[in-house]
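Worksheet: the structure to be examined is printed underneath.
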Amino acid sequence: MDVNSYRESCYEVSELITRQYSTSFSMAISLLETEKQRAVYAIYGFVRVADEIVDSFHGYDKPFLLSNFREQLEYALQNGISTNPVLVSFADTVNRYHIDKEHIDAFLESMNHDLSKSNYTSNSDLDRYIYGSADVVGLMCLKIFCNGDQNLYDSLEHPARKLGSAFQKVNFLRDLSNDKQELGRSYFPEVADNQFDENRKKIIEQSIEKDFNEARTGIKQLPGRARLAVALAFWFYQTLFNKIRKTKPDQLLAKRVRINNLRKLGILLKVALLYKTRLL
C-alpha cells in the first residue's frame, strides 16, 4: 500500500464513521456528487471524533486527548499525512477546497468549551458557542458546494450559518435530558435555572423558527446536487422540530424525540420529487 492508497482508506474510515453515527446525514450526503460526498464525509468524521472526545470519552483524559487531536491536526494540515485516518481525509479536504483555518479553530474552541463550561446564561455566549460548534461546519461544507466560486460562497454565507444554528438548536432541544443528566450541561439561557415550561420552550422555538426561515432562502441557490442534499437535511430537521413543538416540556425532559426510518424515507421521496420537478 502506498500513501495514495492509505489516503483512500482514510476517506473510507470517515464515511464509515458518518454512517455509524447519523443515518439522516448519511442519507443526505449520499445524494451529492461523488467527490463532494467524500469531502463532506471527511468533515463529518473530523467533527464527530472531536465531539466524541468531549461528550463520550468518560474516564479518560479529555483535555489531553483534545489537545493531542489538535496537535495531530496541525501536523496533518502542514504535511498532508497523519497516523490518524480521520485527520488525513480532513486535511486533504481542507487543502483541496481551501477551507478557512479560522473556521477549524473556532470549531475546536467550542469543543474546548465543552470541557469547562456547563451553563450558558446569555444568548451572546450561546451564539458564540453555536458559531464554533455548528455554523462553521456549515461554512466548511459550503466551501465544498461552491467549489471555488467565492462570489456564490459570499452570497450564501449567512443562510449557511443560520442553517447550522437551526440544526444545533434543534439538537439541543431534543437532547435536553441527556445533556443535563449525562453531561451536566445546559445550553439554553432559558433553562439555566433548571426551570422549563411552555413559555420558555416557546421562546426557544421562535429562535429556531427564525433561523430556519433565514436558512431556507439559500437552499435554492446551491449548485448541483448540493441543493437536493441540503434540502433533505433541512426537511429532516424541520420534521423533527415540528414533532418537538408538539411535545410537552416534561416529555422532552424525559425522552429523546426521534423520526423513524420509514418517515425519513417518505421525506426523501418527497424532496426528490420536488427536486426533479424543479420546485426545489
| task | Could you please state, rounded to a whole Å, how far the C-alpha centre of segment 219-280 is from the C-alpha centre of segment 18-38? | result | 15 Å
| Structure-derived volume of the Cα convex hull per residue in Å³: which label, when the choices are [x] 189; [y] 151; [z] 131 | [z]
| Sorted from fewest to most neighbouring beta carbons within 10 Å, what does the list Glu74, Glu190 look like? | Glu74, Glu190
| query | So what's Rg/Rh here for segment 178-235, counting alpha carbon atoms and using the Kirkwood radius for Rh? | reply | 1.16
| query | Helix hunt in the chain: which complete DSSP H runs extend at least 20 Å axially by C-alpha with mean Kyte-Doolittle at least 0.5? | reply | 226-245, 261-276
| Extreme residue, positive dipole direction of the chain, given options Leu253, Gln20, Leu139 (C-beta unit charges) | Leu253
| field | log10 of Debye I(q)/I(0), alpha-carbon scatterers only, for segment 1-149 at 0.13, 0.17, 0.19, 0.21 Å⁻¹ | value | -0.58, -0.99, -1.23, -1.45
| remark: Once amide hydrogens are built 1.01 Å from N within the peptide plane, the residues lying 5 or more places from Ser186 or on another chain with amide H under 5 Å from its amide H are Asn119, Tyr120
| query | Taking N as the number of residues in segment 149-280, what is its Cα Rg relative to 2.2 N^0.38 Å? | reply | 1.16
| note | Listed with the fewest Cβ neighbours within 10 Å leading, His58, His98, His158 appear as His58, His98, His158
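FYI, it's all coordinate maths here, none of it is from the lab. Just so it is clear, the model here is predicted, and its values are computed rather than measured. We place every Cβ from the backbone using ideal geometry, glycine too, and count neighbours over all the protein chains shown.
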